[in-house]
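Colleague: This is the structure I have questions about; it appears just below.
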Amino acid sequence: MRTACEGATPLGDPGEAVQVWLDKQLPTDVPPGTAVYLGVTLWDQAHQRLVPAQSTEYWWRPALGEVVAPDRGILTEDWLGHGTAEIVVPTQGIGALEIGFTGTSGTRTGGLEPDNTIFPICGVGPPPDAPLPLVARATLDLAAPIVAGQESVAMIALQPNADWEPGTFRAPSQLLLRARLPRGSVDASVPANLVDASAGRYRATITLTEPGAYILEAASSTETGGTFSSSAQRVNVVANASAAPTNSGSGPGVLLPVLLLVGAVVVVAVVVLVIRREW
């Protein structure tokens, strides 16, 4: 596990450090006045969680530094921990990007002075330590209704939450497909293997022996928090008609031949009686 990058800023608890991970490298060769997309993910390294981005600010400082005021704004959060903005390249050239919060601190004379909290920019792409369900979503697709006792095929589609720099988001070679009872424990868990890396497609086969209602869901691991909430799908496993139990000795399957035999005996007796009367 990676440690917080150098200069990580504590936020709240002493052991909490927030990192900034850019969606893509910011351009360095675009002309002034060009609008540039900014996307960032805020990651709490100490507690292994995403940090809400809805009130986070950015400062787009020009190359001349403090001589010219920076372009400043607030990120728009599109999913938990991820914020976006459209920033314009200043006429003085591209300088530095800062992400954080505006604040103040007290002076020795009892006044206040600006004291901003700036988070370190640690890299490009999703935070390397973030569990997959925090930075990606998964959906399930069943080829056909599930029949009890028969093998069924399920496809899982995995998509990253952001348009990250190519090569920074890597789909694992295998996921898990779980089946559990509603509000109950996991009944079955089988591997789902990557069959199309470009589309993030996985294939799993599962056999559920008992009919009834189940919840199917994709997971990245067996650990707590490894389940993709976006994948949960309620299914009804139907009974296998071809596996219906055979009739017992008292059932209609045996009763019908007995009735036919009794009827035949009665017919023979009537015929014999008629013949005797005639002769």
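The values are calculated or read from the model by the stated rules, or taken from the named source; none is laboratory data. Quick caveat, the model's predicted, so the values are computed rather than measured. Here Cβ is always computed from backbone atoms with ideal geometry, including for glycine, and neighbour counts include all displayed protein chains. Side chains are part of the model used for accessible areas, which takes the heavy atoms of the whole protein and leaves out ligands, DNA and RNA. Shrake-Rupley method; radii C 1.70, N 1.55, O 1.52, S 1.80 Å.
Colleague: Do we find that ARG183 is modelled with pLDDT of 95 or more, open to solvent by 70 Å² or more (accessible area, probe 1.4 Å) and farther than 14 Å from ILE146 by Cβ in this structure? Break it down stepwise before answering.
Modeller: Details: modelled with pLDDT of 95 or more: no; open to solvent by 70 Å² or more (accessible area, probe 1.4 Å): yes; farther than 14 Å from ILE146 by Cβ: yes.
So ARG183 does not fit the description; no.
Colleague: List the number of the failed condition for VAL67; all other conditions in (1) more than 21 Å from PRO128 (Cα to Cα); (2) surrounded by 12 or more Cβ atoms within 10 Å (Cβ to Cβ); (3) at pLDDT below 90; (4) among the hydrophobic types (A, V, I, L, M, F, W, C) hold.
Modeller: Exception for VAL67: condition (2).
Colleague: Any residue that is closer than 19 Å to TRP79 by Cβ and in a loop (DSSP other than H, G, I, E, B) - is there at least one of those in the stretch 194-216?
Modeller: So in the stretch 194-216, the residues closer than 19 Å to TRP79 by Cβ come out as 200.
Now narrow it down to the ones that are in a loop (DSSP other than H, G, I, E, B): 200.
Yes: the stretch 194-216 contains one or more residues that are closer than 19 Å to TRP79 by Cβ and in a loop (DSSP other than H, G, I, E, B).
Colleague: Could you please find all residues in the stretch 96-113 being at pLDDT below 75 and either at positive phi or not small (Gly, Ala, Ser) (or both)? Full working, then the answer.
Modeller: So the first thing to find is which residues in the stretch 96-113 are at pLDDT below 75, and the list is 103-113.
Of everything in the stretch 96-113, those that are at pLDDT below 75 and either at positive phi or not small (Gly, Ala, Ser) (or both) turn out to be THR104, THR107, ARG108, THR109, GLY110, LEU112, GLU113.
Colleague: So for the stretch 139-157 (the condition being closer than 19 Å to GLY81 by Cβ and modelled with pLDDT of 95 or more), does at least one residue qualify? Before the answer, list the steps.
Modeller: Keep residues of the stretch 139-157 that are closer than 19 Å to GLY81 by Cβ, which gives none.
Scanning the stretch 139-157 turns up no residue that is closer than 19 Å to GLY81 by Cβ and modelled with pLDDT of 95 or more.
Colleague: Then there is this: State the number of residues belonging to the stretch 192-214 that are surrounded by 14 or more Cβ atoms within 10 Å (Cβ to Cβ), over 27 Å from ASP163 (Cα atoms) and touching a Leu at 6+ places or on another chain (Cβ under 9 Å).
Modeller: Here the count works out to 3.
Residue-wise test of (1) among the hydroxyl-bearing types (Ser, Thr, Tyr); (2) open to solvent by 30 Å² or more (accessible area, probe 1.4 Å); (3) at pLDDT below 95; (4) closer than 28 Å to ASP129 by Cα.
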| site | (1), (2), (3), (4) |
| --- | --- |
| ALA46 | no, yes, yes, yes |
| SER55 | yes, yes, yes, yes |
| HIS82 | no, no, no, yes |
| ILE94 | no, yes, yes, no |
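Colleague: crowded, with 18+ Cβ neighbours inside 10 Å and either of a type outside the set (A, V, I, L, M) or touching a residue at least 24 places away in the same chain (Cβ under 8 Å) (or both), is that true of GLU217?
Modeller: Working: crowded, with 18+ Cβ neighbours inside 10 Å: yes; either of a type outside the set (A, V, I, L, M) or touching a residue at least 24 places away in the same chain (Cβ under 8 Å) (or both): yes.
Yes, satisfied.
Colleague: May I ask you to list pairs of residues, at least six apart or on different chains, whose Cβ atoms are under 9 Å apart, with the first in the stretch 135-146 being under 13 Å from ARG203 (Cβ atoms) and among the acidic types (Asp, Glu) and the second being modelled with pLDDT of 95 or more and surrounded by fewer than 17 Cβ atoms within 10 Å (Cβ to Cβ)?
Modeller: ASP141/ALA157
Colleague: Moving on. When the stretch 116-156 is examined, which residues are found to be part of a loop (DSSP other than H, G, I, E, B) and open to solvent by 30 Å² or more (accessible area, probe 1.4 Å)? Outline the logic, then answer.
Modeller: Looking only at the stretch 116-156, we keep the residues that are part of a loop (DSSP other than H, G, I, E, B), and these are 116, 120, 125-131, 143-146, 148-150.
If the condition is that a residue be part of a loop (DSSP other than H, G, I, E, B) and open to solvent by 30 Å² or more (accessible area, probe 1.4 Å), then ASN116, PRO128, ASP129, PRO131, ALA143, ALA144, PRO145, GLY149, GLN150 are the ones that fit.
Colleague: Across the stretch 32-44, what is the number of residues that are surrounded by fewer than 21 Cβ atoms within 10 Å (Cβ to Cβ) and of a type in the set (A, V, I, L, M, F, W, C)?
Modeller: So the first thing to find is which residues in the stretch 32-44 are surrounded by fewer than 21 Cβ atoms within 10 Å (Cβ to Cβ), and the list is 32-39.
Filter once more, so that each one left must be of a type in the set (A, V, I, L, M, F, W, C): 35-36, 38.
Residues in the stretch 32-44 being surrounded by fewer than 21 Cβ atoms within 10 Å (Cβ to Cβ) and of a type in the set (A, V, I, L, M, F, W, C): 3 in total.
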